[in-house]
Amino acid sequence: MLAIALGTYTAPGGARRVVVAAAPGASPAGAGRPAAARLAAALAAGGGLVLDRAVTGTDPRVVAELAPGEGLAVAQAVVAEYVPRARRARAVIARRLEPADLAVPEPNAERAA
C-alpha cells in the first residue's frame, strides 16, 4: 500500500492522529518518482482511501473512499473538511478499517456501495 500523510491533529482525548491518502494496491517502492506522483497515478487508475490513524500506525479508520479518477486534490479537500471536525468530535466519526477496504478492485469493476 502506498500512502502519504496529508494532515495531523490532536484528538479531544489528547491522542495524536494522522490523516493519509492511500492506494491499497499500489507498491510503495518507486522507480525514481516522488511518492505523491506515484500515489496520484494510483488514485487516478484505481481509487483509494482517506484514512485516519494513530501516529503509531494503529487504529486505522476510513474517512472516505476515493473512486478511480478522484486524485490527491479530492483527498486534500476531504482532509481539509475532516480535520477540524475530528479535532472537536466527542466521539469517533470515521468507521474502522475492514479487510475488504484493502482489496484491490478488478479493472473496470464497480465498487459495492
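Quick note: the coordinates plus some simple rules give every number you see, no bench work behind them. A quick note: this is a predicted structure, and the numbers were derived from the prediction, not measured. Every residue, glycine as well, gets a Cβ built from its backbone with ideal geometry; the counts of neighbours run over all protein chains shown.
Each helix, a run of at least 4 DSSP H residues, gives -39500 (n - 2.57); summed and divided by the residues of the chain, these come to -8500 deg cm²/dmol at 222 nm. All other residues whose Cβ lies under 15 angstrom from that of residue 88 are scored, Lys and Arg at +1 and Asp and Glu at -1, for a net of +2. In order along the stretch 10-25, the Karplus-derived 3J(HN,Hα) couplings, from 6.51 cos²θ - 1.76 cosθ + 1.60 at θ = phi - 60°, round to 10, 5, x, x, x, 6, 7, 10, 10, 10, 10, 9, 9, 10, x, x Hz, and Gly and Pro are given as x. Springs between Cα atoms under 10 Å define the GNM used for the chain, and in it the highest mean-square fluctuation of 24, 12, 60 occurs at 12.
Taking the C-alpha atoms only, the angle from helix 72-88 to the longest principal axis of the chain is near 10 degrees.
Scattering from the chain was approximated by placing one identical point on each alpha carbon and applying the Debye formula without solvent; log10 I(q)/I(0) at 0.17, 0.18, 0.20, 0.23 1/Å stands at -0.79, -0.87, -1.05, -1.31.
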